[in-house]
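These notes are about the structure you will find just below.
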Amino acid sequence: MSSIVIVKYNAGNIRSVLCALNRLGRDATVSDDPKVLRNASRVIFPGVGEASSAMRYLRQVHLDEVLLSLQQPFLGICLGMQLMCSRSEENDTDCLGIFESQVVRFAEEPGLKIPHMGWNTLGLGDDPLFAGITDPAWCYFVHSYYVPASKETIATCTYGQNTFSAALGAGNYRGVQFHPEKSGPLGERILKNFLEISEDRLW
Amino acid sequence: MLAKRIIPCLDVRDGRTVKGVNFVNLRDAGDAVELAALYARQGADELTFLDITATVENRGTFTSLVRRIADVIDIPFTVGGGIRSVADVGALLDAGADKISINSMAVKDPRIIDTLAKEFGSQCVVCAIDVRSNHTFDADGMLGWEVYVAGGRTPTGLEALSWAVEAEDRGAGEILLTSMDHDGTKAGFAVELTRRFSDRVRIPIIASGGAGAMEHFTEIFTSGGADAALAASIFHFHEIDIPELKIFLEKHGIPIRLNR
């Protein structure tokens, strides 16, 4: 059985992701060891919290370069996805630069609650991550910052006036703004797709 | 479109659900995990577990229950009740809870909200506010509400709306607003109260207290401006079934998560 590694750092909601993998009958290692990460068949990079302190930590332990150079299918979740971008408005943080996209804060709109919290539907692009998923694709989101739609967008979501990136993809890297580990059977299917995807289909 | 959320609330004592849960299709109606899983299957959007364990010695059972919930439940869940320290919060989040609801502790020392938001992120800090009308009026002729703690038994003298604004400013991610005047009446949610809070703060408001009929949910989402509605006994006693409620709400134009 191939090995799944969850990146260990200071901003992970690691147990939720581990539980979701367990429900799929899979186990995962939690590690910040570059060797373990490089040898994994899949790497998952969850995240909740604040961008600048997370980036500071990743740089301190030199995980930034490791994450940037991985070759296997890699999935960032929520803050994880945002940290994979080039830059975040959250405390003006330079991020990993895996994606060219940038992270901005939701603009104030009358009646628009921030954070964007709860279940919203995806506008699905053609990506193996979404194999077998049909509309309406309800997923659970919690975030105050977002990535505007860009050429790296593989799924969208609309909140207020903004249609933003619900998921990003480039090469072997994928990122999702929602929480698949908390999005019921549909989220489970997305995680399963990520685990079962053939690597050459990602590029 | 962001869906309005339906949140069943489970009271837990010594690791088991209380409030005389009455489900025929559960092996053990007192098992919080089994009941939670049923609600999740039925389409609940989130779950809330409130620990009402009386003794400190038994509080560890709640943490182990939270671990069991996290193993099984694939939707977000909030835990609260009797949280006294940042360490308590850390332990519950480590056990797999998505959000922590704090109430008395925040009133006693509001700075705890700043600390929790900084340490764990605003997304997991739910500020629970129990209010009663104090039958006074402000300068605009609007009714005033007072914050109560200790399960609604102890008045604090705090004006509820300004407390909600302070909680938001300090970094709370959500407000769980319970009207003690409405709780248990089944006569409907506190619509005017919820509307005032919803208009005033920018974080989501979960309305709680008073649900007795499906129309009450429509009303709290439209007139009340609530982002989510929480209820307990009407779900536990089958008075309203979640799938039926969600279909009803969708028919009435409320954005709701329905999987076909």
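The values are calculated or read from the model by the stated rules, or taken from the named source; none is laboratory data. Only a predicted model underlies this, so the values are computations on that prediction, with no experimental measurement involved. Glycine gets a Cβ as well: all are built from the backbone with ideal geometry, and neighbour counts include every protein chain shown. Note: areas computed on protein heavy atoms with side chains; ligands, DNA, RNA excluded. Shrake-Rupley method; radii C 1.70, N 1.55, O 1.52, S 1.80 Å.
When a/c is below 1.5 the answer is rounded, else prolate if a/b is larger than b/c, else oblate, so apply that to chain A with a ≥ b ≥ c taken from the square roots of the Cα gyration tensor eigenvalues. Write out the running numbers ahead of the final one.
Numbers: a/c = 1.58, a/b = 1.16, b/c = 1.36.
Since a/c reaches 1.5 but b/c is at least a/b, the shape of chain A is classed as oblate.
Using only side-chain charges placed at the Cβ, +1 for Lys and Arg and -1 for Asp and Glu, the dipole size of the stretch B:45-200 relative to its Cα centre rounds to 340 debye.
Of the residues B:214, A:81, A:62, the one whose Cα sits farthest towards the positive end of the charge dipole of the protein assembly as shown is A:62 (charges of +1 on Lys and Arg Cβ, -1 on Asp and Glu Cβ, taken about the Cα centre). Projecting the Cα atoms of A:30, A:47, A:143 onto the charge dipole of the protein assembly as shown (Cβ charges, centred on the Cα centre) puts A:30 farthest toward the positive pole. When the square roots of the Cα gyration tensor eigenvalues are ordered a ≥ b ≥ c, the ratio a/c for the stretch A:88-203 is 1.5 or more and a/b does not exceed b/c, which makes its shape oblate.
Of the beta bridges DSSP finds with both residues in the protein assembly as shown, what % are antiparallel, to the nearest 5? All intermediate terms of the calculation are to be shown ahead of the outcome.
Working: 34 of 81 bridges.
Of those bridges, close to 40 percent are antiparallel.
The relative contact order of chain A comes to 19 percent, based on Cα pairs under 8 Å that sit 6 or more residues apart. Using alpha-carbon pairs under 8 Å, 6+ residues apart, how would you state the relative contact order of the stretch B:54-116 in percent? Rounded, it is 34 percent for the stretch B:54-116.
Please compute the contact order of the stretch B:194-249 in relative form: average sequence separation of alpha-carbon pairs under 8 Å and at least six residues apart, divided by the residue count, as a percent.
Values: 60 pairs, mean separation 20.6, N = 56.
Dividing the mean separation by the residue count of the stretch B:194-249 yields 37 percent.
May I ask you to compute the full-extension gain from residue B:200 to residue B:239, defined as 0.36 nm times their residue separation minus their alpha-carbon distance, rounded to one decimal in nm? List each step's numbers first, then the result.
Values: separation 39, 0.36 × 39 = 14.04 nm, distance 3.28 nm.
Full extension from residue B:200 to residue B:239 adds 10.8 nm.
Packing around the peptides A:86-96, A:157-167, taken as the average count of other Cβ atoms within 10 Å per residue, puts them in this order, highest first: A:157-167, A:86-96.
Counting only protein heavy atoms and a 1.4 Å probe, tell me what percentage of the stretch A:44-127's accessible area is made up of carbon and sulfur. Don't skip to the answer; put the middle values down first.
Details: 1410 of 3120 Å².
Accessible surface attributable to carbon and sulfur in the stretch A:44-127 totals 45 percent.
Modelled spin labels at residue B:72 and residue B:222, positioned 7 Å past Cα toward Cβ, are 3.7 nm from each other. Restricting attention to chain B, lysine pairs at least eight places apart or on different chains and with alpha-carbon atoms under 26 angstrom apart total 14. Placing a label point 7 Å from the Cα of residue A:131 along the Cα-to-Cβ direction, the residues of the stretch A:167-197 whose backbone N falls under 18 Å from that point are A:169-175, A:186-197.
Antiparallel beta bridges, as assigned by DSSP with both residues in the stretch B:117-260, represent about 40 percent of the total such bridges.
Only helical runs count toward this figure. For chain B, summing -39,500 (n - 2.57) over DSSP H runs of n ≥ 4 and dividing by all residues gives -10000 deg cm²/dmol at 222 nm. Buried surface for the A/B pair, taken as the accessible area of each chain alone minus that of the pair with a 1.4 Å probe, is close to 2500 Å² in total. Summarising the strand pairing of chain A, around 60 percent of its internal DSSP beta bridges are antiparallel. Bridging of residue A:192 to lysines at a Cα separation below 23 Å is possible for A:8, A:182, once same-chain residues fewer than 8 apart are set aside. Taking Cβ atoms as reference points and 14 Å as the exclusive limit, the residues near residue B:245 contribute a net charge of -2, counting Lys and Arg as +1 and Asp and Glu as -1. Over all Cα atoms in the protein assembly as shown, the spread is summed up by Rg and Dmax: 21.5, 68 Å. Here the stretch B:121-245 is treated as a Stokes sphere of Kirkwood radius computed over C-alpha pairs; at 25 °C and 0.890 mPa s its diffusion coefficient rounds to 167 µm²/s. If R0 is 45 Å, the Cβ-Cβ spacing of residue A:201 and residue A:52 corresponds to a FRET efficiency of close to 0.85.
Taking every DSSP helix (H) stretch of at least 4 residues in chain A, weighting each as -39,500 (n - 2.57) and dividing the sum by the residue count yields a mean residue ellipticity at 222 nm of -7000 deg cm²/dmol.
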